[in-house]
Amino acid sequence: MKESVIRKIIKEELIKKNKQLNENAYSTNIFTTEVTGLEVDLNFDTAELFGLDNNTNYDTSAVLTVKWGVEMEMREWGVKSIYTIIHSVEGGILVNEWTDDRDIEHEFSLEELALLNKAKWGRANWEIEDNIEVDSGTIQVENVELDFRKGIIFVT
């Protein structure tokens, strides 16, 4: 009789341990990083998209918020893999146009830029590419690049 009680206790402990291992198999941490002051390169086609011509003086900046996470796939022997996942990129860009007699600011959200992209190049949505790298044990968002022609947001 004692053996069956001991076996039952062992079985329950093994079930608890396996359940805990399964629950801890993935661990996700979510971060929100604001990336500001980015210069946005506008080639001629993109400048034309904003209604700017070759004789227009302008500069650009962006304020973007990246929601991203780090996911660790774990096993009983340790960490199998570490992944980064971009959940969303929000915000927009500011185009400051100036001439001798006027100074005009144009603000565009990423949603508005997607509509402009659709009108110009047929791309209605942004595709997000996650290029975040682990550098000496550090994982962070360092830069965001907008490729208007391809409709891709590169997060590095």
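The values are calculated or read from the model by the stated rules, or taken from the named source; none is laboratory data. Here the structure is a predicted model, which is why all the values come from computation and not from measurement. Heads up, the Cβs are rebuilt from the backbone with ideal geometry, glycines too, and the neighbour counts pull from every protein chain shown.
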**Report entry** the stretch 50-86, residues that are loosely packed, with under 13 Cβ neighbours inside 10 Å and closer than 23 Å to Val155 by Cα
**Finding:** Asp59, Glu73, Ser81
Query raised in the report: Quick one: what pairs do we get from the stretch 129-148, first residue over 12 Å from Trp68 (Cβ atoms) and touching a residue at least 24 places away in the same chain (Cβ under 8 Å), second in a loop (DSSP other than H, G, I, E, B) and among the polar types (S, T, N, Q), C-beta under 6 Å, 6+ apart or different chains?
Result: Asn143/Thr156
Query raised in the report: Among the residues of the stretch 134-152 satisfying the criterion of being among the β-branched types (Val, Ile, Thr) and farther than 11 Å from Val35 by Cβ, which is surrounded by the fewest Cβ atoms within 10 Å (Cβ to Cβ)?
Result: Thr138
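Residue-wise test of (1) charged (D, E, K, R); (2) surrounded by 14 or more Cβ atoms within 10 Å (Cβ to Cβ); (3) modelled with pLDDT under 85; (4) out of contact with any His (no Cβ under 6 Å at 6 or more places or on another chain).
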site	(1), (2), (3), (4)
Val35	no, yes, no, yes
Glu48	yes, no, yes, yes
Glu105	yes, no, no, yes
Lys120	yes, yes, yes, yes
Ile132	no, yes, no, yes
Report task. Take the stretch 58-86 and flag every residue that is more than 17 Å from Val144 (Cβ to Cβ) and of a type outside the set (Asp, Glu). Result -> Tyr58, Val70, Met72, Met74, Arg75, Trp77, Gly78, Val79, Lys80, Ser81, Ile82, Tyr83
Report summary line: Sole miss for Glu90 among (1) part of a helix (DSSP H, G or I); (2) touching a helix residue (DSSP H, G or I) at 6+ places or on another chain (Cβ under 7 Å) is condition (1)
